[in-house]
Amino acid sequence: MRMTHPDRARGFTLIEIVVSIFIVTLVLGVAVLSFRSMQDEGRLKNEAVALKLAARKLMRQAVENNRSYSMTLAPTFFAVGPTYSDSVLEGSFAGMDPEEAMRQIRGERHQLENNIQLWVRRWNEPIFRAPRVPFERWIFEPGGICEPLSLRLTYGDATMSMTFNPLTAHAEDESLIIPN
């Protein structure tokens, strides 16, 4: 039979306390990273939904009004509205500072959330690139056709890519990459 000393209280050893703190810290770290990934995913998906809705709206308006519409693409925003001829646009932006030209773009403007960037890949382009300054347009014709286009939204290392069908302006191929 084993006897214990009554004056000696049972407790945890220093090693047990350190191991417990390490495990709790590890679990909290994983939880924080997962939460950040979910936030990144939510931000990208919100902006992607706005882009998809705008594309469908422009396609519908082009068909209903028998008029061309365009989406103006910029790295930090997009704008939707009627299409103006290239000569009008070139004349109005000729010699203008690119920042000033961006402020002059007509149409309903949608500012992307902070630190989200928009990238474009047109038909037969091998890689995504930033939209051309001062503007880059995506045209929606009255016959119900738009240019085949892929758009990518980036937020840090997270990316969401969408390829749009030229007949329906619906995003067909979507991919979301959120690194750990």
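Taken together, the values in this text are just the output of simple stated rules run on the coordinates, not laboratory data. Just so it is clear, the structure is predicted and the values come from calculations on it, not from any experiment.
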Spelling out what I want: for every residue of region 51-57, take phi, set θ = phi - 60°, compute 6.51 cos²θ - 1.76 cosθ + 1.60 (Karplus), and round to whole Hz; glycine and proline get x.
5, 5, 5, 5, 5, 5, 4
Which whole-Hz couplings ³J(HN,Hα) result when phi for each residue of region 137-142 is put into the Karplus expression 6.51 cos²θ - 1.76 cosθ + 1.60, θ = phi - 60°, listed in order with x for Gly and Pro?
10, 10, 8, 10, 8, x
Give me the log10 of I(q) over I(0) for region 126-180 at q = 0.32 Å⁻¹, as the Debye formula computes it from C-alpha points; what are the numbers?
-1.23
